[in-house]
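Structure first, commentary second.
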Amino acid sequence: MSLAEPAIAVEDLRKSYGDRVAVDGVSFTVQSGEVLGILGPNGAGKTTTVEILEGLRTADGGAARVAGIDVLRNPEAVKGAVGVQLQASSFFDQLTLAELLELFGAIYGVAVDARALLRRVDLEDRSASEVRRLSGGQQQRFAVAAALVNNPRILFLDEPTTGLDPQARRHMWDLVRSFRADGTTIVLTTHSMEEAELLCDRVAIMDAGRIVALDTPAALVDALLARGFRRPPAVQRDATLEDVFLDLCGHDLRDGDEPAAAAPEGGRRRRRR
Amino acid sequence: MSISAPPEQRPSAAPQSRPRAPHRARVSARRALLVASLKMFYRNKHSIFWTLLLPVIILGVFALLNLGGGVTAQLGVVDTVHTARSQQLVAELERSALVSVHTGDSLAGEQSALSSGDRDALLVIGGRGPALTLNSARSRESAAARLVVDDAVRRTGQVAVASPVSVTTVNNGRNQGYTDFLIPGIIALSVMQTGLFTVLYTFVHLRQRGILRRLKATPLRAADFLAAQVGTRLILAAAQTLILILIALLVFRISIYGNVAWLLLVAVLGAAVFLALGFAISGSTGSVESAAPIANAIGLPMIVLSGAFFSRGGMPGWLHGITDLLPLTYLVDGLRHISYDGWGLLDIRTDLLGLGAWLVVSGLLAVRLFRWELD
């Protein structure tokens, strides 16, 4: 780890909605180039924490610096410095993917090479499509492309693989790995333990607004075993049901609109449109 | 499409970014949003139907109802003698399908109705016999009225006791019918539709789908976003008004007595009022399902009460007083005074002031109530 200022530094962050405490004194740092996973059940405060850091929500107390910017004092400045992929959000209909990226470029005040951005997320051939014509996986990839418009060094991905089929999920993982290889700092929330284990340098586990554990995936498992945990031996297998699924259906993306798929059901789906 | 990065750029390399001066960036963001929303409007066939085609269809239906049948002359009848014979004559006239008889008003009232073009002919039954005045600007209708009156006089045997019906001709200088009255009302309605309804539906929809939420996560300022949206819709309202005026002139052959530029100006001012109202209401409306009843609760009474389709002349005084204050009434009256009465901007200053007051109030509400997302 470098001695430079961390990409993200959060200190005793607090946020309540009325009586409900959503974030209850959260502290952590993310080093530049690190991938931090935030795990936790629904309502644990993951999204609220991330949205405060993105400048989308105000905090009630604490301190947070993102890319050297005091988020609580200057939430608007953070928005220009980071890239975000949000839950439960979408893009205008009636604009093509390329037009949307150019519009976002104009909003950030940067010139955009829409084609290069779409190529980055494997959507180059859909540049003239509307978002609503895309499959779920393609929509998520487009959301990531939109997060890259301002060439951010810090990327927030809020449940990027929720609702995706195994192939699309693996494709998204490859994308995240490529960002990590470029040295982008990533904060990623997820429900998938497998995803956290595969992609994240460190994992923060949140529950009821607090971080209950924060370490590398291996260290967290070691600590659990050190506490005497033993998995019931009966379920030990060398393969999982997902391995079976991927073995039968292949790893190729099935976005429905991908030109590659020559499988009979792919053709049927295309004709129905 | 603006491409700054070289085409052979490696896929893994992030696109070039070139920050601009903040103010210029804001201007370019507004312009990009304006162009994008005009593009979206053009590509959305529904919005084209609602803003352009529907007003034309309504116009056509009302015009057909009024103009499609045969000639019906508006005949004012003032009976000053009230004899059995004069009453017999009035009854005979009322039996005719060719004239619509108005007997309620005083002589002065009927004379002013004749000179304002609301009557095609006026029959005054005095001691020396019936006297008919025809409006020569409406030759078809007044000729029909004359035939009906001659026939009724002959049938009731009045010709034996009085001299033949004396006929005078006036020309009120205008040839206006219901369509001329209707067009400003339709323009006002379309402007309200564009402002209130489409803004309400569009914004609730954009918020419900999280499209506004995504924009909130960018450095875009709410004021710039609203400015671009307002700009887009003012352009649309002006275009819509211009198209309706052209159709009214070329297809329905109405006469516009005032300045068309003033018509456009008032229409755009009205559009701004309804836009602000639309934004204000959409700020506190969660779903498209709840937007519909709210839009109707506000829009429908105004359509009925503002005098867009029919004159508010028949309303009781208190209702007239209340409906005077509706934004749509100011807009309808302002447009109608210009188009139908040939008034200038100074003559409609009451309507302009009314619209201005509504703009300030609803504009403040819009800025206060606007929200990117519902918490």
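Quick notes
- Residue in the stretch A:168-191 that is surrounded by fewer than 18 Cβ atoms within 10 Å (Cβ to Cβ), over 23 Å from A:L123 (Cα atoms), within 14 Å of the chain's Cα centre (by Cα) and modelled with pLDDT under 90 present: yes
- Scanning the stretch A:143-163 for residues that are within 18 Å of A:G109 (Cα to Cα), part of a loop (DSSP other than H, G, I, E, B) and either of a type in the set (S, T, Y) or more than 9 Å from every other protein chain (Cβ to nearest Cβ) (or both) returns a single hit, A:R153.
- Exclusive hit being closer than 25 Å to A:R180 by Cα and under 17 Å from the mean Cα position of the chain (by Cα), set A:A77, A:A7: A:A7
- Scanning the stretch A:118-130 finds no residues that are in contact with a strand residue (DSSP E or B) (Cβ under 6 Å, 6 or more places away or on another chain), outside any helix (DSSP H, G or I) and more than 12 Å from chain B (Cβ to nearest Cβ).
- Scanning the stretch A:60-85 for residues that are small (G, A, S) and either over 17 Å from A:V30 (Cβ atoms) or within 14 Å of chain B (Cβ to nearest Cβ) (or both) yields a total of 6.
- Flag for A:Q140 being within 20 Å of A:D93 (Cβ to Cβ) and either not in a helix (DSSP H, G or I) or not hydrophobic (A, V, I, L, M, F, W, C) (or both): yes
- Residue in the stretch B:228-236 that is under 25 Å from A:K79 (Cα atoms), within 14 Å of chain A (Cβ to nearest Cβ) and more than 13 Å from the chain's Cα centre (by Cα) present: yes
The values are calculated or read from the model by the stated rules, or taken from the named source; none is laboratory data. Computed from a prediction, not measured in an experiment: that's the story for all the values here. All Cβ positions, glycine included, derive from the backbone under ideal geometry; neighbour counts span all protein chains shown.
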